[in-house]
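Q: Sharing a structure here in structure tokens format.
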Amino acid sequence: MQGRPDLVTLRARWLPAVGWTVDVATSYDLQAAQPGLVELAVQAVLSDQWQFLYRGSYLPTGVFQHDRFQLTYLQYCWAARLSYLSARQEVWLEAWRTALPQYTGAVGAGQTGVLFQQPFLPPSPVR
């Protein structure tokens, strides 16, 4: 077929309450005439200091995959985040100064053992 796109994507954003965002995206493959991946992201500002993020995907095979859970704590000029990355089975604890967010120090644990990322060195190749 010519002149038709391969994928059609639909995205929707719902704001159920102040500080909450729910995003959903899905695709449909016109060439194969079948649905594609469905993605879900939920962000919540729980208070002035606490934020939560969840991302998950529903695969065309019928499997629901939890991609990421994050809990962030903000306090004056610093922040900390606890993340679970399901695809790599890693847990990360990050801390940074909010004025310098590009200098995030992180320590994690995963299938390859203990993982480190220091603020003034190049990023770890495993992350």
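The values are calculated or read from the model by the stated rules, or taken from the named source; none is laboratory data. Small disclaimer: the values here were computed from a predicted structure and weren't measured. A quick note on method: Cβ atoms are made from the backbone with ideal geometry, for glycine too, and the neighbour counts reach across all protein chains shown.
Q: Here are 87, 32, 99: which of them is assigned to a loop (DSSP other than H, G, I, E, B), within 24 Å of residue 12 (Cα to Cα) and at pLDDT 70 or above? Outline the logic, then answer.
A: Details: 87 fails: within 24 Å of residue 12 (Cα to Cα); 99 fails: within 24 Å of residue 12 (Cα to Cα).
None of the others qualify; the one that does is 32.
Q: Related question: Go over the candidates 104, 26 one by one and state the one that is β-branched (Val, Ile, Thr), over 15 Å from the mean Cα position of the chain (by Cα), modelled with pLDDT of 90 or more and surrounded by 15 or more Cβ atoms within 10 Å (Cβ to Cβ). Give the derivation first.
A: Details: 104 fails: modelled with pLDDT of 90 or more.
None of the other options fit; the residue is 26.
Q: If you don't mind, another one. Being free of Cβ contacts under 8 Å to residues at least 60 places away in the same chain, in a strand (DSSP E or B) and within 30 Å of residue 95 (Cα to Cα) is true for just one of 79, 17, 25. Which residue is that? Lay out the reasoning, then the answer.
A: Working: 17 fails: in a strand (DSSP E or B); 25 fails: within 30 Å of residue 95 (Cα to Cα).
Answer to the selection: 79.
Q: Here is a list: 12, 87. Which entry is small (Gly, Ala, Ser), more than 16 Å from the chain's Cα centre (by Cα) and loosely packed, with under 14 Cβ neighbours inside 10 Å? Give the derivation first.
A: Details: 87 fails: more than 16 Å from the chain's Cα centre (by Cα).
Going through 12, 87 in turn, just one is small (Gly, Ala, Ser), more than 16 Å from the chain's Cα centre (by Cα) and loosely packed, with under 14 Cβ neighbours inside 10 Å: 12.
Q: Across region 75-84, which residue is surrounded by the most Cβ atoms within 10 Å (Cβ to Cβ) among those that are of a type outside the set (S, T, N, Q) and either under 30 Å from residue 26 (Cα atoms) or at pLDDT 90 or above (or both)? Don't jump to the end; show me each part of the working.
A: The initial filter retains those residues of region 75-84 that are of a type outside the set (S, T, N, Q), namely 76-82, 84.
Restricting the remaining residues to those that are either under 30 Å from residue 26 (Cα atoms) or at pLDDT 90 or above (or both) gives 81-82, 84.
On the way: 81: 18, 82: 13, 84: 16.
So the residue we want is 81.
Q: Let me ask another. Filter region 35-64 for residues that are assigned to a strand (DSSP E or B) and at pLDDT below 90; which is nearest to residue 24 (Cα to Cα)?
A: Step one: list which residues in region 35-64 are assigned to a strand (DSSP E or B), which gives 35-45, 50-58, 64.
Now restrict to residues that are at pLDDT below 90: 35-37, 64.
Details: 35: 14, 36: 13, 37: 11, 64: 14 Å.
Only one residue tops the list, namely 37.
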